[in-house]
Amino acid sequence: MIEIQNLKKSFGELEVLKDINMSVDAQEVVCVIGPSGSGKSTLLRCMNRLEEPTAGDIFIEGDNLTSSKTNINELRQRMGMVFQQFNLFPHMTVMENITLGPKRLKGKSPAEAKDLGIKLLTKVGLVDKAETYPDNLSGGQKQRIAMARALAMEPHIMLFDEPTSALDPEMVGEVLQVMKDLAEEGMTMIIVTHEMGFAKEVADRVIFMDEGFIVEQGTPDELFNHPQNARTQAFLSKVL
Ligand code: ADP
Ligand code: MG
């Protein structure tokens, strides 16, 4: 589904990603962990070209993201992204937030978009909030709506950048549950997270990043219980 070769990204003099190589299979759930500033968000943002890679290639379902021949808007529609900050449109109801993309970008009729909206709101457990405005929702509810909005574009891949980091602790579980359900349905997902328990339980593979490199990767058991690299060991000793 995703193949990244020799990816580098610099901001001016600052080299943030230094030769990243990774691939993600269909239906795989990959969790990315690592210290703040290690380049996790930049890596995700390069995957849908919110950031322009400095060097290297990224293939999404075989299509080269960085090629000038690629239709980047079409390609972005295959990838849903959920951020730490929910980025909902405050002047639109929940239903309007969810149906905007399908109507504008996927040519769905209002009725089709609404049916899809109801289906997705049911999935995230918030069908009763369809006519509510984002300001009247809790953080956990906002994040579940943000997920429904991303899913409304019927993406093939979901990218999550610390989706629970801005939430009060009591709301973390409801958001993780939606991600667990998606994983069980076979969604291909890349999840940057500090929720080590979640990564252990749900990830097929865990990637540890530090200073712009993938330092180590493996199954949750390999990475959490038998880390090989000293930097992985030091990081885990602080967070576990
Ligand atoms: P992480 O998500 O692992 O915390 P980031 O990818 O957000 O790390 O950031 C990695 C480094 O890149 C940090 O030093 C950060 O300050 C820098 N950085 C990120 N985005 C930009 C940007 N747009 N311009 C300049 N520096 C940036
Ligand atoms: Mg980040």
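Can you confirm whether the range 61-81 contains a residue that is aliphatic (A, V, I, L, M), within 21 Å of residue 158 (Cβ to Cβ), in contact with a strand residue (DSSP E or B) (Cβ under 9 Å, 6 or more places away or on another chain) and at pLDDT 95 or above?
The initial filter retains those residues of the range 61-81 that are aliphatic (A, V, I, L, M), namely 65, 72, 75, 79, 81.
Narrowing the set further to residues that are within 21 Å of residue 158 (Cβ to Cβ) leaves 65, 72, 75, 79, 81.
Then drop every residue that is not in contact with a strand residue (DSSP E or B) (Cβ under 9 Å, 6 or more places away or on another chain), which leaves 65, 75, 79, 81.
Checking which are at pLDDT 95 or above leaves us with 79, 81.
Yes: the range 61-81 contains one or more residues that are aliphatic (A, V, I, L, M), within 21 Å of residue 158 (Cβ to Cβ), in contact with a strand residue (DSSP E or B) (Cβ under 9 Å, 6 or more places away or on another chain) and at pLDDT 95 or above.
Across the range 45-54, which residue is nearest to ligand 1 (Cβ to nearest atom) among those that are within 14 Å of the chain's Cα centre (by Cα) and under 20 Å from residue 210 (Cβ atoms)?
From the range 45-54, those within 14 Å of the chain's Cα centre (by Cα) are 45-50; that's our starting set.
So of that shortlist, the ones also under 20 Å from residue 210 (Cβ atoms) come out as 45-47.
Values: 45: 7, 46: 9, 47: 12 Å.
Looking at the filtered set, the residue picked out is 45.
Please determine whether any residue of the range 188-195 is away from ligand 1 (no atom under 16 Å from the Cβ) and either in contact (Cβ under 8 Å) with a residue 60 or more places away in the chain or part of a strand (DSSP E or B) (or both).
Kept after step one, since they are away from ligand 1 (no atom under 16 Å from the Cβ), are these residues of the range 188-195: 188-189.
Now drop any that are not either in contact (Cβ under 8 Å) with a residue 60 or more places away in the chain or part of a strand (DSSP E or B) (or both), which leaves 188-189.
Yes; the residues of the range 188-195 include at least one that is away from ligand 1 (no atom under 16 Å from the Cβ) and either in contact (Cβ under 8 Å) with a residue 60 or more places away in the chain or part of a strand (DSSP E or B) (or both).
Condition check ((1) near ligand 1 (Cβ under 9 Å from one of its atoms); (2) out of contact with any Gly (no Cβ under 9 Å at 6 or more places or on another chain)) across all residues:
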| site | (1), (2) |
| --- | --- |
| 5 | no, no |
| 14 | yes, yes |
| 20 | no, no |
| 23 | no, yes |
| 29 | no, yes |
| 34 | yes, yes |
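Report, by residue number, each residue of the range 204-232 that is within 13 Å of ligand 1 (Cβ to nearest atom), hydrophobic (A, V, I, L, M, F, W, C) and surrounded by fewer than 20 Cβ atoms within 10 Å (Cβ to Cβ).
The answer is 213, 215.
Kindly state which strands (runs of 3 or more DSSP E) lie completely within the range 2-86 and contain at least 2 residues that are in contact with a Pro (Cβ under 6 Å, 6 or more places away or on another chain), touching a residue at least 60 places away in the same chain (Cβ under 8 Å) and more than 16 Å from ligand 2 (Cβ to nearest atom). Give the steps one after another, and end with the answer.
Values: elements: 2-11, 14-24, 29-33, 55-60, 79-82.
Ranges flagged: 79-82.
Answer yes if at least one residue in the range 199-207 is farther than 30 Å from residue 90 by Cα, of a type in the set (Lys, Arg) and either part of a strand (DSSP E or B) or within 16 Å of ligand 2 (Cβ to nearest atom) (or both), and no otherwise.
So in the range 199-207, the residues farther than 30 Å from residue 90 by Cα come out as 199-207.
Filter once more, keeping what is of a type in the set (Lys, Arg): 200, 205.
Narrowing the set further to residues that are either part of a strand (DSSP E or B) or within 16 Å of ligand 2 (Cβ to nearest atom) (or both) leaves 205.
The answer is yes, given that some residue of the range 199-207 is farther than 30 Å from residue 90 by Cα, of a type in the set (Lys, Arg) and either part of a strand (DSSP E or B) or within 16 Å of ligand 2 (Cβ to nearest atom) (or both).
For the range 152-164, indicate whether the set of residues that are part of a helix (DSSP H, G or I) and not basic (Lys, Arg) is non-empty. Walk me through it before giving the result.
Pass one, the range 152-164, residues part of a helix (DSSP H, G or I): none.
Scanning the range 152-164 turns up no residue that is part of a helix (DSSP H, G or I) and not basic (Lys, Arg).
I'm told residue 42 meets every condition in (1) away from ligand 1 (no atom under 16 Å from the Cβ); (2) closer than 24 Å to residue 223 by Cβ; (3) under 16 Å from the mean Cα position of the chain (by Cα) except one. Can you identify the failing condition by its number?
Only one criterion in (1) away from ligand 1 (no atom under 16 Å from the Cβ); (2) closer than 24 Å to residue 223 by Cβ; (3) under 16 Å from the mean Cα position of the chain (by Cα) is unmet by residue 42, namely (1).
If we scan the range 220-238, do we find a residue that is of a type in the set (Phe, Trp, Tyr), within 16 Å of ligand 2 (Cβ to nearest atom) and part of a helix (DSSP H, G or I)? Break it down into steps so the answer makes sense when it comes.
First, pick out the residues of the range 220-238 that are of a type in the set (Phe, Trp, Tyr): 224, 235.
The next check asks that each one be within 16 Å of ligand 2 (Cβ to nearest atom); those that pass are 235.
Add one more test, that the residue is part of a helix (DSSP H, G or I), and what stays is 235.
Yes, because at least one residue in the range 220-238 is of a type in the set (Phe, Trp, Tyr), within 16 Å of ligand 2 (Cβ to nearest atom) and part of a helix (DSSP H, G or I).
Under 7 Å by Cβ, and 6 or more places apart or on different chains, what pairs join a residue from the range 158-186 that is more than 26 Å from residue 37 (Cα to Cα) with one that is assigned to a loop (DSSP other than H, G, I, E, B) and of a type in the set (A, V, I, L, M, F, W, C)?
Between residues of the range 158-186 that are more than 26 Å from residue 37 (Cα to Cα) and residues that are assigned to a loop (DSSP other than H, G, I, E, B) and of a type in the set (A, V, I, L, M, F, W, C), the close pairs are 178/124.
For residue 166, work out the one condition from (1) within 16 Å of ligand 2 (Cβ to nearest atom); (2) buried (at least 17 other Cβ atoms within 10 Å of the Cβ); (3) of a type in the set (A, V, I, L, M, F, W, C) it doesn't fulfil.
(2)
I'd like to know if the range 185-196 contains one or more residues that are in contact with a strand residue (DSSP E or B) (Cβ under 6 Å, 6 or more places away or on another chain) and surrounded by fewer than 21 Cβ atoms within 10 Å (Cβ to Cβ). Before the answer, list the steps.
Start the filter on the range 185-196 by keeping residues that are in contact with a strand residue (DSSP E or B) (Cβ under 6 Å, 6 or more places away or on another chain), which leaves 187-193.
Next, from what is left, pick out any that are surrounded by fewer than 21 Cβ atoms within 10 Å (Cβ to Cβ): 187.
Yes, that holds for at least one residue.
The values are calculated or read from the model by the stated rules, or taken from the named source; none is laboratory data. Not measured: the values here are computed from a predicted model. As a convention, Cβ positions derive from the backbone with ideal geometry for all residues, glycine included, and neighbour counts pool all protein chains shown.
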